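The values are calculated or read from the model by the stated rules, or taken from the named source; none is laboratory data. Predicted, not measured: the structure shown is a model, and the values here were computed from it. Every residue, glycine among them, receives a Cβ derived from its backbone with ideal geometry; neighbour counts consider all protein chains shown. Note: areas computed on protein heavy atoms with side chains; ligands, DNA, RNA excluded. Shrake-Rupley method; radii C 1.70, N 1.55, O 1.52, S 1.80 Å.
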Amino acid sequence: IVGFTSMAGEMLPNQVMEMLNDLYVELDKITARHGVYKVETIGDAYMVVGGAPNRCSPSEAARKVALFALETMKLMKTFRTKDGHQIVLRAGLASGPVVAGVVGTDMPRYCFFGNTVNLASRMESTSKKSKVQCSETTYRLLRDAQNYVFDLESRIENGVHGIQVKGKGLQSTWWVNDAQKIEDAAHDVKRSV
């Protein structure tokens, strides 16, 4: 959530919990629609994974998470808190290997670890309001996704393709602007001819 700290600072704790609960209930519905797995929520962060615990191809996992992120951004255009405030999100996607497992004995949790998790976090923190940013690996997977055409735009800042990512240096990144099912895209082409 963009500006969460200042927003929460102006609210009572129970109002923050109610706002997050209302938002997360809606995000849980989108999670179910796209077959992604909600790993956890930490404060205002909502993390999902596309290829676990039920494995699928890397391209399918990237597609699922990207479609989840795009639908979430669409929801945020109309979603309002009970007091009428709009919430603005940003999202980051990364693809690659992770290690997953249950950790702890008191309140055990299913957690994910690895460079891919860290890179996804960096993609989110360096993204912009209402935008979905993805890593180079995710870009390649989405470009090759079956049954979908993704609108992927190279991120260029001050004439440079990509951004500086802490611990990684200059990384090529892309905006995931939209997605269309191939049969829908073919229908649109037929209509425009």
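In this label model, residue 12 and residue 121 are separated by 3.3 nm, measuring between points 7 Å along each Cα→Cβ vector.
Using a Debye calculation, one point per C-alpha and no hydration shell, please list log10 I(q)/I(0) for the chain at q = 0.16, 0.17 Å⁻¹ in order. Log10 of I(q)/I(0), two decimals: -1.10, -1.21. Checked against a 23 Å cut-off, the cross-linked pairs 64/129; 82/128; 29/168 give Cα-Cα distances beyond that limit for 82/128; 29/168. Note: relative contact order over segment 23-143, using C-alpha pairs below 8 Å and six or more positions apart, is 22 percent. The listed peptides 162-172, 100-110, 86-96, ordered by packing as a protection proxy, come out as 86-96, 162-172, 100-110 (highest mean of other Cβ atoms within 10 Å first). For segment 96-167, the alpha carbon positions stretch 49, 33, 22 Å along the principal axes, listed from largest to smallest. Note on residue 45 and residue 157: with the Förster distance fixed at 30 Å, the Cβ-Cβ geometry gives a FRET efficiency of about 0.80. With contributions of -39500 (n - 2.57) from each DSSP H run of at least four residues, the per-residue ellipticity at 222 nm computed over the chain stands at -12500 deg cm²/dmol.
Put simply, the convex hull of the Cα atoms in segment 1-84 casts, on average, a shadow of 5.7 nm². Working from Cα pairs under 8 Å separated by at least six residues, relative contact order for segment 59-109 is 25 percent. Convex hull volume of the Cα atoms of segment 1-49, normalised per residue: 67 Å³. Here the chain exposes an accessible surface that is 52 percent carbon and sulfur, computed with a 1.4 Å probe and the other protein chains kept in place.
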